[in-house]
Amino acid sequence: MANVTLRNVRKTYLGGFEAIKGIDFEVGDGQFCVLVGPSGCGKSTLLRMVAGLETITGGEIDIGGRIVNQIEPAERDIAMVFQNYALYPHMTVYNNMAYGLRNRRMAEGEIKTRVAEAARILELSAMLDRKPRQLSGGQRQRVAMGRAIVRQPKVFLFDEPLSNLDAKLRIAMRVEIRKLQRRLSTTSIYVTHDQLEAMTLADILVVMNGGEVEQIGNPLEIYQRPATTFVASFIGAPPMNLMPLRSELKSQLASDARAAEAGIIGIRPEDFVISNEAVSGGVALGLTVEAIERVGAETFVYGTRQQEMQGVAATPGELPPGEIIVRVPGAVGPAIGERIRAVAAPDKLHLFTADGRKRV
Ligand code: ATP
């Protein structure tokens, strides 16, 4: 069994910068865990600590029931796939994959079997004699994965492995990585700043911000019930619309207990309907359409809020223009300059405390 457990893990860099401020989570055997967050939130630091490439200031990292804090990277039974692939340019694909095994003095016969099997899985069998420069970006990425697979480690660690690929290849490789991981059932931890990659790959999603965990859970649950306004705006694109909630209207939107705590209301762009019908208990915003993006299957409508509206504060200057994004299916939609009414039903409203730190 290769569970990975982090207990109150902390990292302070030389000079006193606290990059990781006490993190706890567990990745079950065979699970795919994704660490996601904005640049500088500490996700690479955390991954490198699991890998043993960075020392641990406090807490414990447990891999397969063994505390690895003091254990060398090579002895941790992990394999890491990097963003820049880190292939040896002068070696063939075969030798790139075999290198780590030879270092471990594995018999050539066993190496050959393992490389052949990995090459078959990754569709690299015809390219084993090529050098990395004779490969496309996606093929190089697959060689990097192959190098990890042949090791048959307990845990795969991925550090933004797709960020050097173009958009189309990224999606294709994302699907490949997930299929491969399901097939091998190897416990994996994957770092990305791309929330779409995170949503689609993860069994467990860990959303990080400023060296701390904002929320851990199943990706869809996090999308449907973000715990903080940070998570609400980080997960989902375009992001959730967040607005201050006018105090006298709180009681219309929530039960007394929730209303007392609520200071911010959030509505996802796809949870608005453009409609002139009356709403009861929901929110209706009068908007002037400022911009329209039609991407084929859907249309994004950017609107500025007007004064006359029901449900939400309209203090001038409170929100910047173009703040509200409405997402409508299909290629139709209003015209620029048009006045529309965007309506959200009561069950589509997310309420948070005024500091955004808690869902109510
Ligand atoms: P990115 O997506 O930009 O790679 P990240 O979430 O992976 O960001 P880290 O690379 O883990 O972030 O860095 C976390 C914080 O620690 C950053 O503020 C960074 O400046 C700081 N940091 C990283 N390495 C060091 C170091 N060797 N010494 C001091 N501070 C560091």
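Has the stretch 164-183 got any residue that is over 15 Å from the mean Cα position of the chain (by Cα) and within 16 Å of the ligand (Cβ to nearest atom)? Checked the stretch 164-183: at least one residue is over 15 Å from the mean Cα position of the chain (by Cα) and within 16 Å of the ligand (Cβ to nearest atom). Of all residues in the stretch 17-32 being near the ligand (Cβ under 9 Å from one of its atoms) and touching a residue at least 12 places away in the same chain (Cβ under 8 Å), which is most open to solvent (accessible area, probe 1.4 Å)? Among those residues, the one meeting the criterion is Glu18. Could you figure out which of (1) within 13 Å of the ligand (Cβ to nearest atom); (2) in a loop (DSSP other than H, G, I, E, B) isn't true of Pro226? Answer for Pro226: the failing condition is (1). Going by the structure shown, is Ile56 within 15 Å of the ligand (Cβ to nearest atom) and part of a loop (DSSP other than H, G, I, E, B)? Yes: the conditions hold for Ile56. Whether any residue in the stretch 202-223 is among the hydroxyl-bearing types (Ser, Thr, Tyr), within 25 Å of Ala51 (Cβ to Cβ) and open to solvent by 20 Å² or more (accessible area, probe 1.4 Å) is what I want to check. Within the stretch 202-223, not a single residue is among the hydroxyl-bearing types (Ser, Thr, Tyr), within 25 Å of Ala51 (Cβ to Cβ) and open to solvent by 20 Å² or more (accessible area, probe 1.4 Å).
Just one of Arg114, Arg105 is at positive phi and either assigned to a strand (DSSP E or B) or away from the ligand (no atom under 16 Å from the Cβ) (or both); which is it? Give the derivation first.
On the way: Arg114 fails: at positive phi.
Of the residues listed, the single one that is at positive phi and either assigned to a strand (DSSP E or B) or away from the ligand (no atom under 16 Å from the Cβ) (or both) is Arg105.
When the stretch 146-171 is filtered for residues that are in contact with a helix residue (DSSP H, G or I) (Cβ under 7 Å, 6 or more places away or on another chain), assigned to a helix (DSSP H, G or I) and modelled with pLDDT under 90, only Leu169 remains. Of the residues making up the stretch 34-57, at least one is of a type in the set (S, T, N, Q), in contact (Cβ under 8 Å) with a residue 60 or more places away in the chain and farther than 22 Å from Ala74 by Cα.
Pick out the one residue from Leu14, Leu35, Leu47 that is more than 28 Å from Thr228 (Cα to Cα) and either assigned to a loop (DSSP other than H, G, I, E, B) or within 11 Å of the ligand (Cβ to nearest atom) (or both).
None of the other options fit; the residue is Leu14.
Residues considered: Ile63, Ile67. Of these, the only one that is at pLDDT 95 or above, at negative phi and open to solvent by 40 Å² or more (accessible area, probe 1.4 Å) is Ile67. Among the residues making up the stretch 74-100, those that are under 19 Å from Gln152 (Cα atoms) and open to solvent by 40 Å² or more (accessible area, probe 1.4 Å) are Ala74, Glu75, Asp77, Phe82, Ala86, Tyr94, Asn95, Tyr99.
The values are calculated or read from the model by the stated rules, or taken from the named source; none is laboratory data. Predicted, not measured: the structure shown is a model, and the values here were computed from it. Positions of Cβ are backbone-derived with ideal geometry, glycine not excepted, and every protein chain shown enters the neighbour counts. Surface areas here come from the heavy atoms of the whole protein model, side chains and all, with no ligands, DNA or RNA. Shrake-Rupley method; radii C 1.70, N 1.55, O 1.52, S 1.80 Å.
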